[in-house]
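No value in this document is a laboratory result; all are computed from the given coordinates. Keep in mind it's a predicted model, so treat the numbers as computed, not measured. Cβ atoms come from the backbone with ideal geometry, glycine included; neighbour counts cover every protein chain shown.
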Amino acid sequence: MKLTGTPFYILTIVLFLASIVLAVVQWARRGGGGGQGSRRGNRGRAPQAKRGPLQFVGYLATILFCQSTAVLMVFVMVNNSNLIYDSWGDLLGTSSHVRAVPVPPKDNGIAADAGADKNRQKVIQSFHGVDDNAVPKDVKETDLKGQLSGVDGEVLVWTPPEYDDPAYKDKAFPVVELLAGFPGSSSTWFGTMDVSKQLAPLMKSGQVAPFILVSPRVTLLGKNTDTGCADVPGKVNAETWLSRDVPQMVLDNFRVDASPDRWALAGYSAGAHCATRLALAHPNRYRAAISMSGYNDPKEESDSLTAKDPHLREVSNPLYLLTHAATPPNVALYETGNKGDGLEDALALQKAAKSPTSVTPFETHGPHLSATWKPLVVPTFKWLTGIIPPQH
C-alpha cells in the first residue's frame, strides 16, 4: 500500500480507533467501573484474582498500541499534507535510484544537446497520471532512465493552458525545473505548494509567462543521504541527472526553446541551494533561479554528501562558484530567506555579484516550512516573467 494517499491514511485511522476500542474493552473486563457503587455490587462475590505479570504486560501493550497508532496517524496526516516522503523506500532509506555512476561526457550546454548529435537516439517517453490524490490530474509523470547520469527516477511535468491551444501550436515554451527539499517528493511542488493551481490563472491573464513546469526526483540515494545535487565519483551523478538528463528528456518530448535564456530553476530549502548552485554552475543551461530559504554552505544540510568532503563542500558553495567564475555568469537570482535562515546567504551573494549577474534578496518572516514558501510562488514567478518573457 502506498505511503501517501487516502487508503493508507484511512487504515491508520481505523487502527487508532481499534486501539481505543481494545483499551476500553480491556478496562471493562477488569471491572474498571470502580467507585462505591461497584464495591456495593460486589458484596457477596468472591474476590477477584490479583492481576498477574501477564495482565500487566497486556495493559502496557495496549497503551503502547494506542500511542503508536496515534503517532502513525498524525505522521501520515503531516506527510500527506507536506509530501515529505512519497514511498516506503524513501521513508526507510532503503531505496536507491542509482543504476550506475559513469563519467559524464563534456557539457557543451543545452543548445548543443538539442542539435549537436544528429545520430543520437531521442529520449521519447510515455506519460501517465500521478498516483497521488494531492497532485492535480493535469500533471503527467514519466519514469526516466538517465542516459548520462545512470540515475533512474520519476519526472513530473505540467504544461500551461496555452500549450494545447491551436494558436500556440508553433510556439516554443520556457521551462522551469522545480526542486524539492530534502527529504522531499517530486509531488510536493504540485501538491503542497499548489504551483500549477496558483499560476494557471495568471498565465491565462498574461501576468505570468506560460512556463512548462518540471519536477524531477531529487532523493536518489538510500540511507537518508542527500546528494547535494552534485556529481560524486563512484556514488551518484545527481548534477548530471538534474541539469542534463532531465532537460534532454524535456527537449525531446515537448515544444521547448533550447536557448538557456528560456530555462530556469526554483527550489525550497535544500532544493533552493541546488537551484542557485546549478544556475551558477551552468549559465549555458539556465538564465535564472528562485531560492526559497536556501543556503550557500552545504554543511547546512548535515546529511549531504557534499558537506562531508572538504573539496566538494568548497566547490559546491554558490558563493564560491560566483566568486571563482572565469567571467560573471549571465544569471539572475531571486533569493528569499528569514534572518538566520537564508537571508544572510542571499545578501552575501548580492554583495559578491558583478554584472551581468544579478541577485534580488527578499526577507521572509515565517518558519522553515511550506507555509512560508507557498505564498512566494506568485511573486517569484512574476519576477521570473520579467527575466524570461512569455515569448522569445
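Structure notes:
- Base-10 log of normalised Debye intensity for the chain (one unit scatterer per alpha-carbon) at q = 0.07 Å⁻¹: -0.39
- The phi torsions of segment 191-200, fed into the Karplus equation with coefficients 6.51, -1.76 and 1.60 and a -60° offset, translate into couplings of x, 4, 7, 6, 5, 6, 5, 6, 8, 3 Hz, rounded to whole numbers, with Gly and Pro shown as x.
- Backbone geometry of segment 202-214 corresponds, through the Karplus equation with coefficients 6.51, -1.76 and 1.60 at θ = phi - 60°, to 3J(HN,Hα) couplings of 6, 5, 5, 8, x, 7, 10, 4, x, 6, 7, 9, 10 Hz, x marking Gly and Pro.
- Sites Thr323 and Ala70 - FRET efficiency at Förster radius 41 Å, r taken between beta-carbons, to 0.05: 0.20
- For Ala230, distant residues with modelled amide H under 5 Å away: Ala238, Glu239
- Sequence-distant residues sharing a close amide H with Val359 (under 5 Å, placed H): Leu333
- Label positions at Lys339 and Ser355, each projected 7 Å from the Cα along the C-beta direction, are separated by 3.3 nm.
- Pairwise label distance in nanometres, Ser96 with Arg255, each label 7 Å out on the Cα-Cβ vector: 4.3
- Taking Cα centre as origin and charging only the Cβ of basic (Lys, Arg, +1) and acidic (Asp, Glu, -1) residues, the dipole magnitude of the chain rounds to 2000 debye.
- Working note: Karplus 6.51/-1.76/1.60 with θ = phi - 60° gives segment 165-178 the couplings 7, x, 5, 10, 5, 9, 9, 9, 10, x, 10, 10, 8, 9 Hz, where Gly and Pro are set to x.
- Residues Ile63 and Asp170, FRET efficiency given R0 of 51 Å [Cβ-Cβ distance, rounded to 0.05]: 0.15
- Farthest toward positive dipole pole in the chain [+1 Lys/Arg, -1 Asp/Glu at C-beta], among His282, Pro389, Ala23: Ala23
- The lysines whose alpha-carbon is closer than 18 Å to the alpha-carbon of Lys197, local same-chain residues fewer than 8 away aside, are Lys137, Lys140, Lys374, Lys382.
- Backbone amide hydrogens, once placed in the peptide plane, bring Leu265 within less than 5 Å of Glu177, Ala288, Ala289, Ile290, excluding anything fewer than 5 places away on its chain.
- Where labels lie 7 Å past Cα in the beta-carbon direction, separation of Ile124 and Val378 in nm: 4.2
- MRE, 222 nm, helices only [DSSP H, n ≥ 4, -39500 (n - 2.57), over the chain, to nearest 500]: -11000 deg cm²/dmol
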